[in-house]
Amino acid sequence: MDDQIITDDEAAILHVLAKSLGVSPSDTAECLSVVRGDEKNPFDDVEKDYSGQQIGDVSTYQAALIAALDDEVISEDEWSMLNSFRTIIQLQSDQHAMIEEAIHAMAEVDSQGQRRLERLHRFNIVCPFNG
């Protein structure tokens with residue numbers, strides 16, 4: 001949102017995240033208003049600290065990574081968003097390894113599996129895990 005433009009790639013990742021987090025399409029406009037600063041963030045007054053990793057973050061990251069890998073064109077925006085996401089949720093190296101292992105296991109039974117592995121290899125080159 002910093003550049004005031006949501007590209008198709010960014011929209012695809014946001015769609016996956018919204019679906020993974022249970023954000024309904026009717027809530028999207030409200031979310032955008034909060035991000036733009038037009039409405040107050042409902043989490044500003046919550047006392048619980050939601051920084052760091054929460055339940056479901058790893059599976060959400062995995063779903064977002066797979067969605068990006070299944071896209072024929074993986075943009076730098078997608079790489080950057082995924083890299084930022086894993087930093088925000090404080091993804092650990094063992095968690096990253098388990099996600100990669102799951103993607104490799106799925107490749108054997110998935111019609112897109114081989115292409116997904118090629119893109120995963122490219123992702124690991126472009127955005128190496130530094131956790």
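Every number here is computed from the coordinates shown, using simple stated rules; none is lab data. Computed from a predicted structure; not experimentally measured. In this analysis, Cβ positions are derived from the backbone assuming ideal geometry, glycine residues included, and neighbour counts consider all displayed protein chains.
Computed values, structure above
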{"quantity": "Cα-projected label distance for ILE5 with CYS127, points at 7 Å along beta-carbon direction, nm", "calculated": "2.0 nm"}
{"quantity": "The chain: most fluctuating residue of THR28, THR60, THR87 per GNM, C-alpha cutoff 10 Å", "calculated": "THR28"}
{"quantity": "Under DSSP loop assignment and at most 10 Cβ neighbours within 10 Å, longest trypsin sites (Lys or Arg not before Pro)-free interval of the chain", "calculated": "49-131"}
{"quantity": "Charge dipole magnitude, Cβ of K and R +1, D and E -1 - the chain, Cα centre, debye nearest 20", "calculated": "340 debye"}
{"quantity": "Cα gyration tensor category, rounded, prolate or oblate, for the stretch 1-80 with a/c compared to 1.5", "calculated": "oblate"}
{"quantity": "Modelled FRET efficiency - R0 25 Å, SER51 with ASP110, Cβ distances, 0.05 increments", "calculated": "0.15"}
{"quantity": "Segment ASP38-SER80, extension gain: residue separation times 0.36 nm, minus the distance between their alpha carbons", "calculated": "12.5 nm"}
{"quantity": "Among LEU91, LEU82, LEU32: highest mean-square fluctuation, GNM of the chain, C-alpha pairs under 10 Å", "calculated": "LEU32"}
{"quantity": "Charge dipole of the chain about the Cα centre (unit charges at C-beta), most positive-ward option of VAL109, ASN124, SER75", "calculated": "VAL109"}
{"quantity": "Helix 25-36 axis, angle to the chain major axis (alpha carbon atoms, nearest 10°)", "calculated": "70 degrees"}
